[in-house]
Amino acid sequence: MPIESIEIPAADGAAEALVARPTNGTGPFPGVIFYMDAFGLRPRIQEMAQRIADWGYVVLAPNVFYREGTAGELAPAGDMTSQEGREAAGKAAFPRVGRLTSDKALPDIDAWVSALRELDGVAPGPIGTTGYCMGARLAVRTATSHPDQVAACGGFHAGGLVTDEPDSPHLGLKDARARFVFGHADHDRSMAPEAVAQLGETLKNAGLEASNEIYEGAPHGYTMADTSAFHPEATERHFTELRALLDGALKG
């Protein structure tokens, strides 16, 4: 089944989103929100969303940068498989991350959750979410702002989950009820070992079931096969751990 493109009425206008459905099987299926990395909706995100969908889920991947432009307008123009190409694409992409502040993200998250619920074939009951790089922050904010709905939350090569700001994503974990799996990049300046440790302590203090691991040797961005950061072994580990999380929390 081809990936569908839909439009969602978000907080500040219409936002594109991709919808991936299982290739086989009859629904309804649990719903999952997939939060992209800074480089936006593109073929690699479609591949990952479809792989998750084929585990038996309906996957919604919104263009969280819709205020900045369409997915096509924001797509990287060059080849990111070289370090130079990835850095060049980052010059355009990374400033957008900073502009997506929590006061903008949270109303959007309400829209993404509502849109997922309204999709054909999505089962009632708990939903899951997974996010990559800055998308992991959005996944955590989804779990903490909708604790009655989100039962599974994955975050991979995340950045900025623990900060000194009053709206740091980790501070909301006291309100969450989901199971969490984090697969951190190794030697990641945006999620240093001290931050990983603090995240683990916060999860423990909140009484949450969680895995919070650094993937040895895996660089920031390791799941993105269209960039120079791709690390196949870490990527497969992430898929294995994510599937176990989703199946356990949403199908158990």
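Here are some notes:
- Filter result (open to solvent by less than 20 Å² (accessible area, probe 1.4 Å), among the hydrophobic types (A, V, I, L, M, F, W, C) and under 17 Å from the mean Cα position of the chain (by Cα)) within segment 200-228: Met224
- Among the residues of segment 35-51, just one is among the acidic types (Asp, Glu) and within 13 Å of the chain's Cα centre (by Cα), namely Asp37.
- Just one of the listed residues (Thr144, Thr130) is farther than 15 Å from Leu60 by Cβ, in contact (Cβ under 8 Å) with a residue 24 or more places away in the chain and polar (S, T, N, Q), namely Thr144.
- Within segment 207-252, the set of residues being assigned to a loop (DSSP other than H, G, I, E, B) and among the polar types (S, T, N, Q) comprises Thr223, Ser228.
- Qualifying helices (runs of 4 or more DSSP H) (wholly inside segment 20-114; at least 3 residues being in contact (Cβ under 8 Å) with a residue 40 or more places away in the chain and over 24 Å from Pro2 (Cβ atoms)): 83-99
Here is a yes/no grid of residues against (1) open to solvent by 10 Å² or more (accessible area, probe 1.4 Å); (2) more than 24 Å from Phe230 (Cα to Cα):
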| site | (1), (2) |
| --- | --- |
| Ala10 | yes, yes |
| Gly13 | yes, yes |
| Gly27 | yes, yes |
| Arg42 | yes, no |
| Gln50 | yes, no |
| Ala53 | no, no |
| Tyr57 | no, yes |
| Glu68 | yes, yes |
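- Only one of the listed residues (Val196, Val150, Val162) is more than 25 Å from Pro95 (Cβ to Cβ), surrounded by 15 or more Cβ atoms within 10 Å (Cβ to Cβ), in contact with a helix residue (DSSP H, G or I) (Cβ under 7 Å, 6 or more places away or on another chain) and of a type outside the set (Phe, Trp, Tyr). That residue is Val150.
- Any chance Ser190 is polar (S, T, N, Q), over 30 Å from Thr26 (Cβ atoms) and open to solvent by less than 20 Å² (accessible area, probe 1.4 Å): no
- Hits in segment 3-19 (condition: in contact with a helix residue (DSSP H, G or I) (Cβ under 9 Å, 6 or more places away or on another chain), closer than 18 Å to Ala53 by Cβ and either not aliphatic (A, V, I, L, M) or not in a strand (DSSP E or B) (or both)): Ile3, Ser5, Glu16
- Pairs with Cβ under 9 Å, 6+ apart, first in segment 1-19 and within 11 Å of Trp112 (Cα to Cα), second open to solvent by 30 Å² or more (accessible area, probe 1.4 Å) and β-branched (Val, Ile, Thr): Glu16/Ile6; Glu16/Thr70; Ala17/Ile6
- Within segment 64-83, being in contact with a Ser or Thr (Cβ under 7 Å, 6 or more places away or on another chain) and β-branched (Val, Ile, Thr) holds for one residue alone: Thr81.
The values are calculated or read from the model by the stated rules, or taken from the named source; none is laboratory data. Here the structure is a predicted model, which is why all the values come from computation and not from measurement. Every residue, glycine as well, gets a Cβ built from its backbone with ideal geometry; the counts of neighbours run over all protein chains shown. The area values use the complete protein model at the heavy-atom level, side chains included, leaving out ligands, DNA and RNA. Shrake-Rupley method; radii C 1.70, N 1.55, O 1.52, S 1.80 Å.
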